[in-house]
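Student: Following this message is one structure expressed as structure tokens.
What follows is calculated from the coordinates using simple rules that are stated; it is not laboratory data. What you see is a predicted model, and the numbers here were worked out from it, not measured in a lab. Here the Cβ is made from the backbone with ideal geometry for all residues, glycine too, and neighbour counts use every protein chain on show.
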Amino acid sequence: MTKNLLFLFFKTTKQKLHSQEPETAQKKLAEIGTQLRQYREQQSICLDKVAVVTMIRRNLLQAIEDGQLDQLPEPVYTQGLIKRYAEAMGLDGTQFADFFPIEPPPRSRTKLSWQDVPQLRPMHLYLFYTFLIICSVNVLSQLMSGSVTAKNGAGAEELALGQQEQARLAAEASRASQNQKPDSYEAVEAVRTGQNLNKSGNKPVMVSVTFKAESWMQVEVDGKTEFEGTLPTGTVRTWGAQKQLVVVAGNAGGVMVAVNNGQAEQLGDPGVAKEVVFKANELKPSAPPKNEG
């Protein structure tokens, strides 16, 4: 009789659920707990015995009967506890479990009507496409002008670098021509006009060389090479010979030569290689240094 009453209770409750708004899980749990407690007390079964049969802790069974949802686990596990409790009482556990909700009731969604969405008119589309075309043209023109400017800048830079490289190579070639031994040069025997000549006998030759500019030089004394190399600006060197002394300079304009303590004279033109031969029997003997005092 009691089972039939419970069945009618759940059937009526389900009909109410379909016709009314969904009740909260707390209220449903309280209704289930009340029904289970009433049936247990009618059967004179203590809660401890139910805990042994269902293998559910007594505090959880007490929470179900008291409708204390916060003392129970997740809804899906609580549903399983309700089912086992009802079956232990000889009731339809599935029916009791289904009455307890697992998922929250679905929320109503507001449907968006196409009538609420603002529609674009032909004039709007025309303005949008016009704006898009103008932006595209501006971007393309900026990209193209930037590319041309970059190319022009690169070309000017390459031209400037080429000119600098040519100037550097020309300067190095000029220095090399002055500092290297010349392949051919002008040969001059004896000394130039203006020096005192003496053909009366063999006299020693003393040649003092002063470098106004860096130059390659070769000095030959009595047929033997005494020096060959490049001397820097400001260098002063002196060589002596018994018969003759030959001086070859790669940069004659940067070399000053004084013979037998005479006046120094420029050997030749700048950048021109030149050879000069000084013979002892054609030069005035070197004058002794003057005593001061």
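Student: What do you get for Rg/Rh over the range 205-284 if you use C-alpha atoms and the Kirkwood form of Rh?
Tutor: 0.93
Student: Using 22 Å as the Cα-Cα cut-off, could you pick out the over-long pairs in LYS212/LYS274; LYS28/LYS83; LYS49/LYS83; LYS212/LYS243?
Tutor: Too far apart for the 22 Å limit: LYS212/LYS243.
Student: I've got another one for you. What is the packing order of peptides 67-73, 95-101, taking the mean over residues of other C-beta atoms within 10 Å and listing the highest first?
Tutor: On the way: 67-73: 14.4, 95-101: 18.6.
Taking the mean over residues of other Cβ atoms within 10 Å, the ranking is 95-101, 67-73.
Student: Another question about this same structure. Take peptides 245-252, 81-88 and line them up by average Cβ neighbours within 10 Å, highest first, as a rough protection proxy.
Tutor: Peptide ranking by packing, descending: 245-252, 81-88.
Student: Would you work out the charge dipole size for the range 205-284 about its Cα centre, treating the Cβ of every Lys and Arg as +1 and the Cβ of every Asp and Glu as -1, and quote it to the nearest 20 debye?
Tutor: Value, rounded to 20: 180 debye.
Student: For THR78, THR225, THR54, THR235, what ranking results if the residue with the fewest other Cβ atoms within 10 Å of its Cβ goes first?
Tutor: THR225, THR235, THR54, THR78
Student: Please state, as a whole number in µm²/s, the translational diffusion coefficient that the Stokes-Einstein equation yields for the range 23-99 at 37 °C and 0.692 mPa s, with Rh defined as the Kirkwood radius across alpha carbon pairs.
Tutor: This corresponds to a translational diffusion coefficient of 273 µm²/s.
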